[in-house]
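Worksheet: one structure, shown below.
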Amino acid sequence: MMKFFKIGKLIALVLFASTCFAQTTTNKLPSWAFGGFVRPASLNPIISPDTSSRFIDPVSKKAVAWEANDTFNPAAALKDGKIVVLYRAEDLYGIGIGFRTSRLGYAESGDGIHFKRRPAPVLYPDNDIAKKYEWPGGCEDPRVAKTESGTYVVFYTEWNRYLPRLGVATSTDLIHWKKHGPMFKTAYKGKFFNIASKSASILTKVINGKQVIIKINGKYWLYWGEHHVYAATSFDLLNWYPVVNKNGELKELISPRNGYFDSDLTECGPPAIMTDKGIILFYNGKNKSDGNRDKRFTANSYCAGQALFDRNDPAKPITRLDVPFLRPMEAFEKSGQYVNGTVFIEGMVYFKKKWFLYYGCADSRVAVAVYDPSVAAPGDVIPGKAN
């Protein structure tokens, strides 16, 4: 009788454990989506703060440890057969996210994983046309893409600690940049010049094995926005016109959804990609902290999503993922400036027939995940209950 009692007790403990501990399920992605993305084993993070770097800041005239506090939120592009990552770096002079000065560093890699960094930033506040928009907050959160003719275009947040504005700059080598100022300055007689604007993802396509900026019906297209996803068009890549509704207000294309991982924010990620099935916009979804969040994911965490838009009408959303394809799972994705966990995607490069996705980890480091289209793989596993 004692033997049967012990067996029964063991079974009860197993059943209890199965109900008390979160179970994970496979994250099968739809046929239109990219993924899964796999983190290279034991190699992340690929870029971390460096306290030894020094740079003579042209505004303050002082030597600053420009990347000593945090390195995160990277853009990425291909140059001369190598991947270049432009990463946001914060110095030591301030307290809290957004209250230090940000500059963009440059790192180069032949394999997309091991990087060599330049000792000084390549895009930063200076005594130039953008100073009043960029000082003292800096240049933040870049997204970069290349034209067919070879010009690199970077969209970044100009932050003067008063109002964030989307700025644009161009380069032929990813090192020397020409700033063109806020991208909405002249549109509709300046109607959207003095609104908060962030996170621009320009439309691209892989042509003859290279990812390049494209036009639709004679116009360049991009998605932008932090809370909602909006769109904008341009004829010259420098001056952009937000897409508006019949009332002349910003047209909301995608918005947060209660009960989902993107319940609080839907913030645009890397350059959007035209595919045979439609336009894929990669974006960052922030979870709410209240009862309207997806309780399977940490409150206030940032996870990565994908949305599909119509090929012929970039302003027409078709569908999007209900669960993230990438979420904070590793220790370095959960510990840093942003303690709730962050995978913040901003850079993606088509390299050697694979997609290399670069993202910020907890607003403190840079990591990479790789998608091989020839290998079927799921997205990050889905937790079974609140974590």
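Among the residues of the stretch 179-204, the one identified as buried (at least 18 other Cβ atoms within 10 Å of the Cβ), in contact with a Lys or Arg (Cβ under 7 Å, 6 or more places away or on another chain) and farther than 14 Å from Ser234 by Cα is Ser197. Of all residue pairs spaced 6 or more apart or on separate chains, those with beta-carbon atoms under 8 Å, a first member in the stretch 49-63 that is touching a residue at least 40 places away in the same chain (Cβ under 8 Å) and of a type in the set (Phe, Trp, Tyr) and a second member that is loosely packed, with under 11 Cβ neighbours inside 10 Å and not in a loop (DSSP other than H, G, I, E, B) are Phe55/Ala63. Within the option set Ile97, Ile113, Ile129, being among the hydrophobic types (A, V, I, L, M, F, W, C), at pLDDT 95 or above, surrounded by fewer than 23 Cβ atoms within 10 Å (Cβ to Cβ) and within 19 Å of Phe344 (Cα to Cα) holds for one residue only, Ile113. Among the residues of the stretch 21-52, count how many are over 25 Å from the mean Cα position of the chain (by Cα) and crowded, with 16+ Cβ neighbours inside 10 Å. Summing the residues that are over 25 Å from the mean Cα position of the chain (by Cα) and crowded, with 16+ Cβ neighbours inside 10 Å in the stretch 21-52 gives 0. Would the stretch 220-232 turn up any residue that is part of a loop (DSSP other than H, G, I, E, B), surrounded by fewer than 20 Cβ atoms within 10 Å (Cβ to Cβ) and without any contact (Cβ under 8 Å) to a residue 24 or more places away in the chain? No: the stretch 220-232 contains no residue that is part of a loop (DSSP other than H, G, I, E, B), surrounded by fewer than 20 Cβ atoms within 10 Å (Cβ to Cβ) and without any contact (Cβ under 8 Å) to a residue 24 or more places away in the chain.
For the stretch 165-187, what are the residues that are outside any loop (DSSP other than H, G, I, E, B) and either within 17 Å of Leu222 (Cβ to Cβ) or within 20 Å of the chain's Cα centre (by Cα) (or both)? Of everything in the stretch 165-187, those that are outside any loop (DSSP other than H, G, I, E, B) and either within 17 Å of Leu222 (Cβ to Cβ) or within 20 Å of the chain's Cα centre (by Cα) (or both) turn out to be Arg165, Leu166, Gly167, Val168, Ala169, Thr170, His180, Gly181, Pro182, Ala187. For the stretch 140-164, a residue qualifies if it is among the β-branched types (Val, Ile, Thr) and in a strand (DSSP E or B), and the qualifying residues are Val144, Val153, Val154, Thr157.
The values are calculated or read from the model by the stated rules, or taken from the named source; none is laboratory data. Values in this document were obtained by computation on a predicted structure and should not be read as measured data. Positions of Cβ are backbone-derived with ideal geometry, glycine not excepted, and every protein chain shown enters the neighbour counts.
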